[in-house]
Amino acid sequence: MVALNTILLTLASVIAVNADWHVSFTFADGGQIEAHGFVNSGCVNLSKTNSDIISVYFEDNINSDTLELYHEQGCRALAYTAGPGSSNVPDHRYFSYKVY
C-alpha cells in the first residue's frame, strides 16, 4: 500500500509540474518577464513596456497552444501570433498578450 501511495504521489507531482504553459519575454534592454498558467490566460497587460520585445519562448500545454502579442493594452491591435518554441519577434513595444 505504501508503494502505491508513493507512485500516486509521484505521478501527481509530475503531472502538476508538466501541466503549465510557460512564456518568457526577452527585451532589447536585457530585461525578461516570465509567466505561466494552466488554463487560457485571458488578456494580460505587460508590466514592462519601456523596451522592445525581441524574442519570446513559449511552452504550450494540453489547454493552450497559441501566444498572441498586441500593440495596445487590453489586447487591442493584434501584432504577432506564435506557437510553441522560440520566436524572434519583430522589434516593437508590445503592451499585452494572450495565451490560449
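The values are calculated or read from the model by the stated rules, or taken from the named source; none is laboratory data. Keep in mind the model is a prediction, meaning the values are calculated, not measured. Positions of Cβ are backbone-derived with ideal geometry, glycine not excepted, and every protein chain shown enters the neighbour counts. Calculation scope for accessible area: heavy atoms of the full protein, side chains included, ligands and nucleic acids excluded. Shrake-Rupley method; radii C 1.70, N 1.55, O 1.52, S 1.80 Å.
General observations
- Check on residue 91, at pLDDT 95 or above and not small (Gly, Ala, Ser): no
- Tabulated pairs, segment 26-39, first touching a residue at least 40 places away in the same chain (Cβ under 8 Å) and farther than 21 Å from residue 90 by Cβ, second in a loop (DSSP other than H, G, I, E, B) and open to solvent by 40 Å² or more (accessible area, probe 1.4 Å), C-beta under 9 angstrom, 6+ apart or interchain: 37/20; 37/63
- Residues of segment 35-49 classified as surrounded by 15 or more Cβ atoms within 10 Å (Cβ to Cβ) and under 11 Å from residue 100 (Cβ atoms), total: 2
- Of all the residues in segment 66-80, those that are of a type outside the set (Phe, Trp, Tyr) and touching a residue at least 24 places away in the same chain (Cβ under 8 Å) number 9.
- Selection within segment 51-100 - in contact with a Lys or Arg (Cβ under 8 Å, 6 or more places away or on another chain) and either under 14 Å from residue 28 (Cβ atoms) or open to solvent by 50 Å² or more (accessible area, probe 1.4 Å) (or both): 51, 52, 53, 71
- For segment 1-41, the set of residues classified as more than 24 Å from residue 62 (Cβ to Cβ) and at pLDDT below 95 consists of 1, 2, 3, 4, 5, 6, listed by residue number.
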